[in-house]
Amino acid sequence: MSIVWDPRVCTGCPHTPEPPCARVCPCNLLYRGHDGKLACRDKTGCWDCAACVKACPNEALYLSLPPVIGGNGARLYGRAYRDHTAWRIQLSGGKVIEIKRPALNKIVQSTCGVESSSNSPKTE
Amino acid sequence: MTSWRIEEIDTDIAIVGGGTAGCMAAIAANRLRHDCRTVIIEKAHIQRSGCLAAGVNAINAYLNPGETVNSFVEFVRREAHGVMREDLVAAMAARLNRMTDNLAHWGVPIPRHANGHYLPRGKRSIEIYGERIKPIMAARAQSTGALVLNKTVAVDYIVDDQRVCGVYAFSLKEPVFYVIKASTVICTTGGASGLYRPNNPGSARGRMWYPPSNAGAGYAMGLRAGAEMTGLEMRFIALRVKDTIAPTGSVAQGVRVSQVNALGQSYIPKGSHATTAERLAATLAEEWQGRGPCYLDTTGLTAGQAQQLQEAYLDMCPSMVLWWADRPIAPQEAMFEICGTEPYVVGGHAQAGYWVDTGRATTVVGLLAAGDVAGGAPKKYVSGAMAEGEIAAETAVGFLDQLPPPRVSPDHIQQKLKQITAPLYREKGIGPDLLTEKLQKVMDEYAGGISQGYRLAGPRLERARQMLAEIKENTENMVAVDLYQLMAARETMDRILVAAALVEHLLYRRESRWPAYQYRLDFPAKDDRRWQVFVNSTYNPNTGAFRLQERPVR
Ligand SMILES: Cc1cc2nc3c(=O)[nH]c(=O)nc-3n(C[C@H](O)[C@H](O)[C@H](O)COP(=O)(O)OP(=O)(O)OC[C@H]3O[C@@H](n4cnc5c(N)ncnc54)[C@H](O)[C@@H]3O)c2cc1C
Ligand code: SF4
Ligand code: SF4
């Protein structure tokens with residue numbers, strides 16, 4: 001039960017032959033259900049790779065730890081953009097941290113000459 | 001299920017598994033021969049399949065300044081405790097840096113020093129921002145014009161007169177059975193997870209280190225085709241962060257922290273040359289002597305380093321970041337507990353896999369292997385899997401004009417279709433998940449799983465052998481209600497066969513060579529005079545018997 005989605009936000013991506021989230025799941029767990037929204041064959045088989053989370057254009061999905069290893073309600077949202085990945089971490093207390101990571105190297109080459117990572121995080 | 005459509009495809013090279021090695025093989029084949037027709041068969045979608053689905057934050061096999069092919073070979077020899085194929089490791093090592101440059105060229109962000117060198121994370125490792133590594137590789141592979149069959153599960157090789165000349169596969173989207181006829185087949189399906197009961201129970205069972213989707217198909221297909229396998233008994237057990245099963249390397253290497261027991265004592269001295277297996281064994285020893293749990297001491301990290309660590313985990317194992325967020329704590333506020341994972345069979349870290357020649361040709365004509373599924377060459381990681389993919393493609397292209405056109409009889413196709421789809425037509429029986437659970441319990445308890453502290457012994461292994469034979473009989477009763485479950489049924493069959501082969505290897509090696517990976521309570525000493533050899537096996541699908549043989553280490 002690591003991925004969670006909000007059926008009010010999920011559109012089911014009706015104009016795609018296969019929803020983006022389902023397309024990229026390495027474990028083939030996701031599909032468009034009878035109600036036209038996202039459905040999961042077996043949440044216990046989820047690898048927590050977040051591929052689906054980053055592929056959803058509507059940020060309808062997030063990762064959350066199952067109670068057996070977590071259970072305090074923290075959420076991890078993310079979105080893959082062309083040249084970076086934008087992560088949004090909602091701590092269990094409600095505070096939100098955003099982290100941007102480079103995903104295509106043009107950015108890195110122009111900004112990184114030294115040791116540390118180029119993108120310092122924004123904290124709200 | 002309604003009627004099946006049979007689709008025949010003719011190609012020059014069929015690549016089974018569009019992961020790291022598979023994508024690179026397609027790219028290399030196209031570069032060597034523009035007119036070469038290539039088909040990639042991928043059970044998920046190549047954009048995010050296999051080990052790289054979440055991303056990576058390092059290239060773990062790279063020759064930083066000062067390292068050479070020879071020094072890499074010597075490092076691997078130590079790690080493999082003497083049993084490894086020098087020819088394979090050397091051929092791979094010579095290409096590691098070029099493979100890494102390829103990734104940078106294709107767009108993967110790899111930070112560099114002002115002097116142009118990549119940032120080292122250890123002697124043989126560099127940092128990368130690799131969250132997008134798989135989509136980037138996949139785009140390259142697709143741009144070669146290769147036909148990519150996504151959501152298509154490979155089930156067996158087409159074998160004609162002892163030669164592999166294609167692949168049988170079925171689609172997960174619609175009842176289509178593929179008969180892919182190829183002059184050469186390259187197997188790149190990765191290693192095998194899910195043979196043993198995993199660390200996390202029930203609702204979190206999928207949160208393992210190795211991808212649950214790499215179910216050992218390539219090993220099983222090879223065994224059924226009579227290919228020789230090596231080194232299965234060198235299992236891989238990773239030292240990981242407890243619960244999230246996140247790799248510890250980012251911490252231990254990226255920012256240098258020490259490994260301590262519950263008393264706060266460091267049990268692996270700084271700068272130690274302990275092998276990966278010895279580090280795991282040292283951790284287990286602390287546990288057994290009552291000084292566990294053991295931790296990675298992150299409390300000395302600066303806020304900046306802790307931030308760096310979180311970012312690195314987002315690129316590779318995002319649930320680690322979620323774990324901190326769930327407490328909520330910052331990484332430097334508490335040490336994190338470490339544990340061993342369930343044992344995996346994986347040639348890219350340990351050395352289980354096809355017995356290949358330097359060109360990565362297996363012992364079966366027409367069949368090559370690369371990456372985690374290929375044996376004899378530990379410590380491949382991303383760049384090594386790519387190197388092997390390229391080597392295999394070179395060999396495959398060389399074969400193209402030499403082998404006669406592939407043949408397959410219509411009778412054989414019908415037989416195979418019937419055999420593969422049988423679980424869909426059974427009225428009653430056992431679901432694949434339940435049978436896998438049974439397999440994992442047996443392996444855990446009788447073949448050195450987590451509950452046994454990984455320790456092995458002859459009588460228990462013999463019991464495992466017996467029980468696996470019973471489980472194998474149960475596969476005749478497997479039921480599947482849809483194509484997804486048909487895939488699961490196939491994975492279960494494959495895992496059972498790989499587990500049976502593994503048990504034979506574990507029984508055969510009557511010494512203890514690799515701490516924790518292969519430790520026999522009944523033969524606790526390492527015996528170089530007798531056992532500095534490869535243990536290889538071949539399977540006879542008609543009788544169900546394995547033939548074990550030894551090959552010398554050169
Ligand atoms: C979580 C994790 C983190 C890692 N981090 C790093 C790192 O930071 N640095 C590093 O250098 N290395 C890392 N590695 C190791 C490295 O990723 C692997 O060794 C390497 O990618 C293996 O490549 P491969 O091609 O053999 O397997 P994969 O890339 O896994 O490819 C196998 C492919 O075969 C497909 N497949 C399987 N069965 C079938 C079937 N029946 N039909 C069709 N397709 C099938 C799979 O879906 C998959 O796409 C990591 C590994 C893991 C698991
Ligand atoms: S991609 Fe997002 S919106 Fe589309 S089906 Fe998946 S969860 Fe729903
Ligand atoms: S997190 Fe990964 S394994 Fe889990 S449902 Fe999403 S894509 Fe599939």
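The values are calculated or read from the model by the stated rules, or taken from the named source; none is laboratory data. These numbers were taken from a predicted model, which means no experiment stands behind them. Note: ideal-geometry Cβ built from the backbone for every residue, glycine included; neighbour counts use all protein chains shown. To get the accessible areas, we keep the full protein, side chains included, count just its heavy atoms, and leave off ligands, DNA and RNA. Shrake-Rupley method; radii C 1.70, N 1.55, O 1.52, S 1.80 Å.
See the values below:
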| quantity | calculated |
| --- | --- |
| One residue from B:T436, B:T475, B:T492 being assigned to a helix (DSSP H, G or I), hydroxyl-bearing (S, T, Y) and over 26 Å from B:A238 (Cα atoms) | B:T475 |
| Residue match in the range B:96-119 (condition: surrounded by fewer than 16 Cβ atoms within 10 Å (Cβ to Cβ) and under 27 Å from B:T362 (Cβ atoms)) | yes |
| Residues within the range A:12-21 that are closer than 17 Å to B:R48 by Cβ and more than 14 Å from every other protein chain (Cβ to nearest Cβ), tallied | 1 |
| So B:E445, is it among the charged types (D, E, K, R), surrounded by 17 or more Cβ atoms within 10 Å (Cβ to Cβ) and within 25 Å of B:L506 (Cβ to Cβ) | yes |
| Residue check, A:W47 aromatic (F, W, Y), closer than 27 Å to B:G18 by Cα and either modelled with pLDDT of 95 or more or within 11 Å of ligand 3 (Cβ to nearest atom) (or both) | yes |
| Test set (1) in contact with a Ser or Thr (Cβ under 7 Å, 6 or more places away or on another chain); (2) crowded, with 23+ Cβ neighbours inside 10 Å - B:R78 fails condition number | (2) |
| Positions within the range A:33-65 being under 19 Å from B:L483 (Cβ atoms), open to solvent by 40 Å² or more (accessible area, probe 1.4 Å) and within 12 Å of chain B (Cβ to nearest Cβ), in sequence order | A:R41 |
| Inter-residue pairs, beta-carbon under 6 Å, first within 15 Å of B:A489 (Cα to Cα) and in the range B:201-222, second within 16 Å of ligand 3 (Cβ to nearest atom) and acidic (D, E), 6+ apart | B:A215/B:E491 |
| Conditions (1) near ligand 3 (Cβ under 10 Å from one of its atoms); (2) at pLDDT 95 or above; number of the one not met by A:A60 | (1) |
| Residue identified as within 22 Å of B:R495 (Cβ to Cβ), surrounded by fewer than 17 Cβ atoms within 10 Å (Cβ to Cβ) and over 18 Å from the mean Cα position of the chain (by Cα) among B:L434, B:L439 | B:L434 |
| Which listed residue is at the interface with another protein chain (Cβ under 7 Å from one of its Cβ atoms), open to solvent by 20 Å² or more (accessible area, probe 1.4 Å) and on the phi < 0 side of the Ramachandran plot, from A:V68, A:V9, A:V24, A:V4 | A:V68 |
| Residue selected from the range B:214-228 under the condition within 14 Å of another protein chain (Cβ to nearest Cβ) and open to solvent by 10 Å² or more (accessible area, probe 1.4 Å), by the criterion farthest from B:F546 (Cα to Cα) | B:N214 |
| Test for A:R41: is it basic (K, R) and over 23 Å from A:Y81 (Cα atoms) | yes |
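Every residue, every condition in (1) in contact (Cβ under 8 Å) with a residue 12 or more places away in the chain; (2) in a loop (DSSP other than H, G, I, E, B); (3) open to solvent by 10 Å² or more (accessible area, probe 1.4 Å); (4) in contact with a Leu (Cβ under 9 Å, 6 or more places away or on another chain), yes or no:
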{"site": "B:V498", "(1), (2), (3), (4)": "yes, no, no, yes"}
{"site": "B:Y519", "(1), (2), (3), (4)": "yes, no, yes, yes"}
{"site": "B:R529", "(1), (2), (3), (4)": "no, no, yes, no"}
{"site": "B:F546", "(1), (2), (3), (4)": "yes, no, yes, yes"}
{"site": "B:E550", "(1), (2), (3), (4)": "yes, no, yes, no"}
{"site": "B:R554", "(1), (2), (3), (4)": "yes, yes, yes, no"}
